[in-house]
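Enquirer: Got a structure for you, questions after.
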Amino acid sequence: MNHLAINGGPRAIAEPLPSFRDHSGRSLGDEEIAELTEVIRSGALSFLTGRKTAAFERGFAELLGVKEAVAVANGTAALHAAVIYLNPEPGDEIILSPVTDIGTAIPIMAQLAVPVFADVDPLTQNITAASIEACLTPRTRAIIVTHVFGAPADMDPIMALAERHGLFVIEDCAQAHLATYKGRVCGSIGHLGCFSFQQSKHMTTGDGGMVVANEDKRFGRELRLCGDKGWPRQKGGRDHLFLAPNYHMTELQAAVGLAQLKKLPAMVASRIDAADRLTARLADVNVAPATILPDCRGVYFYYAFRMDPRHLRAPIKDVMQALVAEGIDGFIGYPGPIPLYRYPVIRERLTFGSSGWPFTLPGVTRNWDSSDVLCPEAEKACAETICMWWSEGLTSGHADQIGEAIEKVVAAYAA
Ligand SMILES: Cc1ncc(COP(=O)(O)O)c(C=O)c1O
C-alpha cells in the first residue's frame, strides 16, 4: 500500500491528463476562430439573419444520413423539443433509463408526462426491450433510449417492441455521436434522435444541441416549431400554433459547430483508439469495462468499468480516491452513485409549486414510494462503476498510464 500515491508514493500518471475541460483535451483552434470571425464581421448573430445555423443543420443531417436536423440551445432542449413534438397528454408515461443525465427526465416532466424508469442491462447499463416491456401500461406513449457512455443500446428488439405497441422512440445520443448499431448511426434508428454539444461531448459548441428526424409530421407538428415558439416562420408573418419555448441556437454556436463537425470523425476515432488500447491493457486486471454489443461501434463518452465489491477489501469510494491520487479523472457511477430517480427533483416531486405534478395528476398510478428500489440492476451499476472522463486529447500513451494506475490500485485493494 505504501507505493500508492494516496499514501505518498509516486503517481502512476505523472502529468495531468488532457481534459475535456480546456484546450488540453479539445480540438478547438483556427478553424473555429475563422468561422466565428465571419459571423462577428457579418453582424448577424441569430439564425434569423445569418447562415451558419442552417449550414450546420444541413451538415449534421448529411453526416448522419437523416432527413432533417434542427439546431437548438442544448441537449436538454433537444429532448424537450422531441417530447413537445410527440405532444403527450398530461399523465401519459414515457419510459427512460435511470442511468442517464437529468436532461433526459426534465423534458418529460416539463410536458407533464410521467417518467417511468426501466432497469438496465448490467453489462451495457442501457435499458433493453425486456426491461421496457415490463414497464408498459395503457398509458405508455414513448421510450427515450439513452446510449449511455456512447455504447449503443440493443435497438432492434426495442424498435420491434415499439412497433408492436405503437410507441414513439426517441434516441438520446447526447453521449453517442457517430456510434453505430449494426451499421446504422445512432440517432437515425428511432423516430427522433437528440444530441448535445456541451463542453464534454464528442464535439462541442460550449452548450448546444440538435434534434434529428427520419420521419415527418407524424404527429401533425413540425419539429422545427417545437423549439421556436410554435411559429411557422416560413409562411411569413406571425403565428403561434402551439405551446413551445424558444430554444434557438445562436450563429456563434453554429459557427463553432460547423468547424467541429468537420473534425468529429477524427475526434471520435481518437477516443476509440485510446479506449481500445486501455481495454487491451486491462485484459488481466480484475475490472469489467462496460460492454459494447457485437456489431456496434461504441464511442466512449466516458470510459466506464465495474468493480465487484466482493473482490475489494475497502469500499469503492476508497478505491476511487486512490485512483484520483494516481492522476485519474473520474467518479463513481452515472449519473452518480445513485440512479436518477433518487435525486430530490424526482424523489420529492419538486416540480410545479407544491402540486407534485405530473406524479399527482388525476389518473396517474405511478406514484412509487421514494424508498422503493425501482431498478435493482441500475442501483448496483451506479454503486459499482467507475466512470473516467474521456476526450479526443488522450493518446495510447495516456491509455497505458491509465491502465497502469488502475492495475496498481486494483492490486493494492484486492480482497
Ligand atoms: C445522456 C444525456 N442526455 C441528456 C443530456 C443533456 O444535455 P445538455 O447538458 O446539453 O442539456 C446529457 C448531457 O449531459 C446527457 O449526457
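Enquirer: Can you give the FRET efficiency to the nearest 0.05 for Asp239 and Asn7, using r as the Cβ-Cβ distance and R₀ = 60 Å? Walk me through the numbers before you get to the answer.
Expert: Numbers: r = 68 Å, r/R0 = 1.13.
Result of the calculation: an efficiency of 0.35.
Enquirer: What FRET efficiency comes out for Asp156 versus Ile338 if R0 is 25 angstrom and r is the Cβ-Cβ distance? Round to the nearest 0.05.
Expert: Details: r = 31 Å, r/R0 = 1.23.
For Asp156 and Ile338, the calculated efficiency is 0.25.
Enquirer: Please give the calculated 222 nm ellipticity per residue for the chain, where each DSSP H segment of at least 4 residues contributes -39500 (n - 2.57) and the sum is spread over every residue; nearest 500 deg cm²/dmol? Please report the intermediate quantities before stating the final value.
Expert: Numbers: 11 runs with 136 residues, N = 415.
Estimated from H runs of four or more residues: -10500 deg cm²/dmol.
Enquirer: Let me ask something additional. Pull up all non-local amide H partners of Ser24: gap of 5 or more, or a different chain, and H-to-H distance under 5 Å with H placed in the peptide plane.
Expert: It is Ser19, by chain and number.
Enquirer: Once label points are set 7 Å from the Cα along Cα→Cβ at both Ser46 and Ser396, what is their separation, rounded to one decimal in nm?
Expert: According to this spin-label approximation, the distance is 5.1 nm.
Enquirer: List the residues of the stretch 147-189 whose backbone N lies under 18 Å from a point placed 7 Å from the Cα of Gln199 along the Cα-to-Cβ direction.
Expert: In the stretch 147-189, the label zone of Gln199 (backbone N under 18 Å from the point 7 Å along Cα→Cβ) covers 175.
Enquirer: If you don't mind, there's one more thing I want to ask. Counting only complete DSSP H runs, which helices of the chain cover 27 Å or more along their long axis at the Cα atoms and score a mean Kyte-Doolittle of 1.0 or above?
Expert: Numbers: long enough: 251-281 (43 Å, 0.19).
In the chain, no H run is both long and hydrophobic enough.
Enquirer: Could you compute the longest span of the chain free of chymotrypsin sites (Phe, Trp or Tyr not before Pro) located in DSSP loops and having at most 16 other Cβ atoms within 10 Å, not counting the site residues?
Expert: Values: sites that count: Phe219, Phe242, Phe352, Trp368.
The longest uninterrupted stretch comes out as 1-218.
Enquirer: Using DSSP to call loops (not H, G, I, E or B), can you name the trypsin sites (Lys or Arg not before Pro) in the stretch 178-273 whose Cβ has at most 15 other Cβ atoms within 10 angstrom?
Expert: On the way: sites: Lys182, Arg184, Lys201, Lys217, Arg218, Arg221, Arg224, Lys229, Arg233, Lys235, Arg238, Lys262, Lys263, Arg271; in loops: Lys182, Lys201, Lys217, Arg218, Arg221, Lys229, Arg238.
Taking the stretch 178-273 and a limit of 15 other Cβ atoms within 10 Å, the loop trypsin sites (Lys or Arg not before Pro) found are Lys182, Lys217, Arg218, Arg238.
Enquirer: Additional query: Stretch Asn87-His23 to full length: gain in nm at 0.36 nm per residue minus the Cα-Cα span? Each step should come with its number before you reach the end.
Expert: On the way: separation 64, 0.36 × 64 = 23.04 nm, distance 4.06 nm.
Length gained, Asn87 through His23: 19.0 nm.
Enquirer: Separate question: Using a Förster radius of 30 Å, what is the FRET efficiency between Ser355 and Ala314 based on their Cβ-Cβ separation? Nearest 0.05, please. Provide the component values of the computation, followed by the final result.
Expert: Details: r = 44 Å, r/R0 = 1.48.
Computed FRET efficiency for Ser355 and Ala314 comes out at 0.10.
Enquirer: With the cut-off at 23 Å, tell me which of the pairs Lys317/Lys380; Lys235/Lys262; Lys263/Lys408; Lys201/Lys317 have Cα atoms farther apart than that. Could you put the intermediate results ahead of the total?
Expert: Numbers: Lys317/Lys380 14 Å; Lys235/Lys262 33 Å; Lys263/Lys408 35 Å; Lys201/Lys317 26 Å.
Checking Cα-Cα distances, Lys235/Lys262; Lys263/Lys408; Lys201/Lys317 exceed 23 Å.
Enquirer: I need the phi-derived Karplus couplings for the stretch 7-17: 6.51 cos²θ - 1.76 cosθ + 1.60, θ = phi - 60°, integer Hz, Gly and Pro marked x.
Expert: In residue order, the calculated couplings are 9, x, x, x, 6, 5, 10, 5, 9, x, 6 Hz.
Enquirer: Nearest 5 is fine: what % of DSSP beta bridges in the chain come out antiparallel, could you say? Let's see the in-between values first.
Expert: Details: 28 of 44 bridges.
Around 65 percent of the beta bridges assigned by DSSP in the chain are antiparallel ones.
Enquirer: Given the C-alpha centroids of the stretch 1-16 and the stretch 99-136, what is the distance between them in whole angstrom?
Expert: 39 Å
Enquirer: Treat each spin label as a single point 7 Å out from the Cα along the C-beta direction, and report the Ala269 to Thr365 distance in nm.
Expert: 5.3 nm
Enquirer: Still on this structure, I have one more. Can you give me the C-alpha center-to-center distance between the stretch 208-252 and the stretch 176-195, rounded to a whole angstrom?
Expert: With the stretch 208-252 and the stretch 176-195 each reduced to a Cα centre, they are spaced 21 Å.
Enquirer: Excluding Lys229 itself, what net charge comes from residues whose Cβ is under 14 Å from its Cβ, given Lys and Arg +1 and Asp and Glu -1?
Expert: Values: positive: Arg221, Arg224, Arg233, Lys235, Arg238; negative: Glu222, Asp228, Asp239.
Neighbourhood net charge equals +2.
Enquirer: Report the Cα centroid-to-centroid distance between the stretch 350-403 and the stretch 21-51 in angstrom, as an integer.
Expert: 33 Å
Enquirer: If Lys and Arg each add +1 and Asp and Glu each add -1, what is the summed charge of the other residues whose beta carbon sits under 12 Å from the beta carbon of Ile84?
Expert: Numbers: positive: Arg221, Arg224, Lys229; negative: Glu222, Asp228.
Here the count lands on +1.
Enquirer: Right, here's the next one. If you add up the charges near Ser24, with Lys and Arg at +1 and Asp and Glu at -1, over every other residue whose beta carbon is less than 13 angstrom from its beta carbon, what do you get? Let's see the in-between values first.
Expert: On the way: positive: Arg21, Arg26; negative: Glu15, Asp22, Asp329, Glu392.
So the environment of Ser24 carries a net charge of -2.
A short reminder: the numbers here are calculations on the coordinates, not readings from a lab. These numbers were taken from a predicted model, which means no experiment stands behind them. Every residue, glycine as well, gets a Cβ built from its backbone with ideal geometry; the counts of neighbours run over all protein chains shown.
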